[in-house]
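The values are calculated or read from the model by the stated rules, or taken from the named source; none is laboratory data. Keep in mind that what you see is a predicted model, and the values were worked out from it rather than measured. Using ideal geometry, Cβ is built from the backbone for each residue, glycine included, and neighbour counts are taken over all protein chains shown.
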Amino acid sequence: MFKSMLTASEDQRADIAILVDGKTIRARAGESLATALLNAGVVPLRHTPVSGSPRAPFCLMGVCFDCLVEVDGRQNVQSCMVQVHAGMQVRLPDGARHVGDPA
Amino acid sequence: MISTDIDTLVIGGGVVGMSIAYGLSKAGERVLVLDEGDDAFRAARGNFGLVWVQGKGEERPDYARWSMASVLRWSSFAQELTAANGIDLELQQIGGLQFFLDEDELRAYVRKLENLRAAVGDYPFEVLDPVALKQLSPHIGPEVVGAVYGPRDGHVSPLRLLRSLVQRFHTLGGILRNGVRCEQIDHRADRFHVQAGGQEYVAGKLVLAAGLGNRTLGPMVGLHAPVAPNRGQVLVTERMQPFLRHPSGHVRQTGEGVVQIGDSKEDVGFDDRTSIDQLAHIAHRARKYFPLLDGANVVRTWGALRVMTPDGFPIYEESRQCPGAFLVTCHSGITLAAMHAGPLADWIRGAAEPAAISTFKAERFHVQVHADGQ
Amino acid sequence: MMAPTHDLIIIGAGPAGMSAALHAAALGLKTLLLDEQSHPGGQIYRNVTQVPPKVAAVLGPDYRHGRGLAERLQQCGVDYRSGALVWEITEDLVVTFQQDERSSRVRARQIIAATGAMERPSPVPGWTLPGVLNAGAAQIAMKTSASVPQGPVVLAGAGPLLLLVACQLLEAGAEVAAVVQTAPRENLRRALRHLPAALGAPHYLIKGLKMLWRLRRAGVPLYQGASELRIEGQHQVQQVQFNIGPQRHTLAAKVVLLHHGVVPNTQLSRQLRLDHQWDAINLCWTPVVDEGGQSSLPGLRIAGDGAAIAGARAAEPAGVIAAAHAALAVGKIDAPTCAASVREAQAERDRHLRIRPFLDALYRPPQWLAQPPDEAIVCRCEEVTAGQIREMARLGCQGPNQTKFFSRCGMGPCQGRMCGLTVTQMLAQALHKSPEEVGAYHIRTPLKPIALASLAALADTEPLAPE
């Protein structure tokens, strides 16, 4: 859905890899997770807990809460407020916070 | 403008007022409800939605009986509403749990329930050790030393309940005047004249169900309503997958998947704000009950003002100075909604007073009341 | 009662916050600056210290101006905490914030809230579809990621940012298919009354004209006076529809960027129950503040777009003024020093305010924006439609809080940021009341969702008094 506006030679940022639902996605050091996902065409980002409707980032500034994903085990993190790091593990939400098995 | 074709005026459009108004309308009365505006305190909005009998009324078995009767009646009360307007109240009556982190507290509580059972008779409950508790509530935390299961306890959505009552009341021809404050009530020639929002309303019967507002309204018709606010702070999480079927006084999961967490009892006057110290304490306790809540995001908190009499028990009283004026106050408006819509509404219409409530009069607080408002 | 840990706490490192911090440091105040982002700049100067040169070039000198501020901030000796999310402030000025998943409390004798603005929500049918973003979001994507939407991109709305982003996207190589302007035609007539004052700030006007010319020269279709805007698609955006007069237009689109101006972000000021007033021109709430930014809560000042929309260049002097008054209030400087300190800032601020009446009139949102059709989602979090809100008004809800209770509108994680203004205006129309009579949502702690464990960790180990 989004793409880089820089050519390879113009882009001095380190190229890193993150995992999204187990798949490797390429990203650039310093960018927000939300834009990395938009650049990789990860759409929709999630399905809502209310009706299962597809959503993707809307405001990119932390007020709309539509860009929520699971980051390194923490659920419902605003991906627009988080910077990518190499090896980041992302899971895309399908509805409400999942609970897991009893201990 | 004077309205003269009203049978009963109800002051207060919360759960208590609307349950009674619904009951009266269903029986064919022409009812008008006066309700304040968007900013009113509204215990109806702040509560935990419990339909609960466990642990109530230790010093007063009548209250336990009244609560028990309501709980047993709740299912048909809900079904009747849902059949009429399709709104699912999300009523769950599969039982409720009271959790304990301390053995002594658990033992003291069990003794309390045994006393209640001795006084009331039909009073089922079961003490669960951690193993039995885990069967019932698999995500319970390791620090919980035990729980008491009350098979008749449950919960409902307070939002859906109030919306359903309002909607049904409209369909039955009831009139709801919102955004008005009751300024003055006079009793002349067997009629009550209520001034509110620049208009006068007249009816033969009057029900004061205005929560904390009853304190000033009561004396206008010879009734004493020594109610004061008691704050309970509540936290609410984001929606979660279902993991908790049984409600408790401190944690419950709603039909939407949201987890509601409480509770406190503070005498802070008319202050509905929250305090970090109390919220942290509530959160700290909830984590012990359900460790999986650690990462759950708290989306909102609030302070709800309970309407408390000095002993915590209701007042259901008809004015002697101004017959036809009724005072109704309690802090369990959700649990008691079924009785309020049923036997209490019948009593207001002239039927016999339910036995269980005959002692819930203001005179137990040892005051003299005069019609001129003390 | 917690003893103050600082003279001054500033919340927000946008232009107002950075400027306030710099001035406070210069005046010798022990200052703490808390900002949610990882780098200073707020939204307008987001990532300004890190952007690649090409992006800085596209974003232009106005954006690059922020770099100076951010660089001076990092050298001025202020206690600056990034990644710090403020989630509560109390009446006695205790600030609770979270950093690295741990919450802490600090207190100061003076607080400056510089939390800025957000884009006004545009609740048109289909606005929740993947592929619909705010125009400002596209700008943020450029700033934080050097990325642009893949086309065709249609921009729709009203406001200088709409044209600015369209131009920036063009320059960055995006496929800008059209700009659909929704400002009603009569706005221009009303705006012309303010033209004489606006001519006192000619560079703003020239900038606007240049943008229009740039778009026309690139052959980007520009529509005026659009209405009945709706966005359609199966699982993401496929097309946009709108009316120009009686004519219905349909444009294919992969991304739709909406913008109807910016409004003060009042979450913090509402949580504190400060006095607010309704701005009938800009159709938003503003906190009531005096010349020194002092709100209705003594010690709590508001500076920048969080007080009233005036733009980044007006926010800087606003920060200076607030810091000076805070220094006066704690006795660090005397009144004559304060007056001298703010004189230049006030003049600068006044210069940048000259354009506002003209812009506010020209870009006033169309009436239909706040009265969406029944099927449009108003509350994005809880998926409550405009029709459901109208139903709540019919049921007797007198304001947003009753409406929230009955419909769940406003109960989601954004706590009313996306739906609040729409709900107030819809209820005002349905109930024939003014927005001021209708009121706004009660905003509660936490300002943003906080994990239960983080909240629990603030409990001291002593049990509280028995219940």
Going through the stretch B:279-296 one residue at a time, which ones are within 19 Å of C:ARG105 (Cα to Cα) and at the interface with chain C (Cβ under 7 Å from one of its Cβ atoms)?
B:LEU279, B:ALA280, B:HIS281, B:ALA283, B:HIS284
Top-ranked residue in the stretch A:39-62 [being outside any loop (DSSP other than H, G, I, E, B) and facing chain C (nearest Cβ under 7 Å); ranked as nearest to C:MET142 (Cα to Cα)]
A:ASN39
Among (1) assigned to a helix (DSSP H, G or I); (2) touching a residue at least 40 places away in the same chain (Cβ under 8 Å); (3) within 14 Å of another protein chain (Cβ to nearest Cβ) - the single one C:GLY126 does not satisfy:
(1)
Cβ-Cβ below 6 Å, separation at least six or inter-chain, first residue in the stretch B:221-233 and among the basic types (Lys, Arg), second in a loop (DSSP other than H, G, I, E, B): which pairs?
B:ARG231/B:VAL268
Residue hits (the stretch C:244-291; small (Gly, Ala, Ser) and in contact with a Leu (Cβ under 8 Å, 6 or more places away or on another chain)) are C:GLY261
For residues in the stretch C:199-245 being in contact with a Pro (Cβ under 6 Å, 6 or more places away or on another chain) and within 14 Å of chain A (Cβ to nearest Cβ), which is surrounded by the fewest Cβ atoms within 10 Å (Cβ to Cβ)?
C:HIS235
Working only within the stretch C:246-262, note down all residues that are in contact with a Ser or Thr (Cβ under 9 Å, 6 or more places away or on another chain) and either closer than 24 Å to C:THR445 by Cα or outside any strand (DSSP E or B) (or both).
C:HIS260
If C:VAL330 satisfies all but one of (1) farther than 30 Å from C:PRO160 by Cβ; (2) touching a helix residue (DSSP H, G or I) at 6+ places or on another chain (Cβ under 8 Å); (3) touching a residue at least 24 places away in the same chain (Cβ under 8 Å); (4) more than 14 Å from chain B (Cβ to nearest Cβ), what's the number of the condition it fails?
(2)
Can A:ALA14 be described as within 11 Å of chain C (Cβ to nearest Cβ) and either of a type in the set (A, V, I, L, M, F, W, C) or more than 25 Å from C:HIS259 (Cα to Cα) (or both)?
no
Out of the residues in the stretch A:91-103 that are part of a loop (DSSP other than H, G, I, E, B) and touching a residue at least 40 places away in the same chain (Cβ under 8 Å), state the one that is farthest from the other protein chains (Cβ to nearest Cβ).
A:LEU92
Pairs needed: first member in the stretch C:312-324, β-branched (Val, Ile, Thr); second member anywhere, part of a helix (DSSP H, G or I); C-beta distance under 6 Å; at least 6 residues apart or different chains.
C:VAL320/C:SER19; C:VAL320/C:HIS23; C:VAL320/C:ALA345; C:ILE321/C:VAL342; C:ILE321/C:ALA345
Please specify each residue of the stretch C:400-457 satisfying the condition of being outside any loop (DSSP other than H, G, I, E, B), of a type in the set (Gly, Ala, Ser) and within 9 Å of chain B (Cβ to nearest Cβ).
C:SER407, C:ALA451, C:ALA453, C:SER454, C:ALA456
Do you know which of the residues in the stretch C:171-180 that are of a type outside the set (Asp, Glu) and touching a helix residue (DSSP H, G or I) at 6+ places or on another chain (Cβ under 7 Å) is nearest to the other protein chains (Cβ to nearest Cβ)?
C:ALA172
State whether the residues of the stretch A:22-37 include one that is in contact with a Cys (Cβ under 7 Å, 6 or more places away or on another chain), facing chain C (nearest Cβ under 8 Å) and either surrounded by fewer than 21 Cβ atoms within 10 Å (Cβ to Cβ) or touching a residue at least 24 places away in the same chain (Cβ under 8 Å) (or both).
yes
If only one of C:ILE302, C:ILE309 is hydrophobic (A, V, I, L, M, F, W, C), assigned by TED's automatic domain parsing to the domain that holds C:GLY41, under 17 Å from C:ILE10 (Cβ atoms) and buried (at least 21 other Cβ atoms within 10 Å of the Cβ), which one is it?
C:ILE302
Quick one: in the stretch C:38-64, which of the residues that are without any contact (Cβ under 8 Å) to a residue 40 or more places away in the chain, assigned to a loop (DSSP other than H, G, I, E, B) and closer than 24 Å to A:ALA8 by Cβ is farthest from the other protein chains (Cβ to nearest Cβ)?
C:THR49
Do we have C:ALA322 as surrounded by fewer than 23 Cβ atoms within 10 Å (Cβ to Cβ) and either more than 14 Å from every other protein chain (Cβ to nearest Cβ) or within 18 Å of C:VAL263 (Cα to Cα) (or both) here?
no
Out of the residues in the stretch C:101-119 that are within 11 Å of another protein chain (Cβ to nearest Cβ) and assigned to a loop (DSSP other than H, G, I, E, B), which is surrounded by the fewest Cβ atoms within 10 Å (Cβ to Cβ)?
C:GLU101
Has the stretch A:74-90 got at least one residue that is part of a strand (DSSP E or B), crowded, with 17+ Cβ neighbours inside 10 Å and more than 11 Å from chain C (Cβ to nearest Cβ)?
yes
Residues to consider are C:ARG390, C:ARG356; find the one that is farther than 24 Å from B:ASN297 by Cα and modelled with pLDDT under 95.
C:ARG356
Pairs, first within 30 Å of B:VAL258 (Cα to Cα) in the stretch C:358-384, second surrounded by fewer than 19 Cβ atoms within 10 Å (Cβ to Cβ) and among the acidic types (Asp, Glu), C-beta under 6 Å, six or more apart:
C:ILE377/C:GLU383
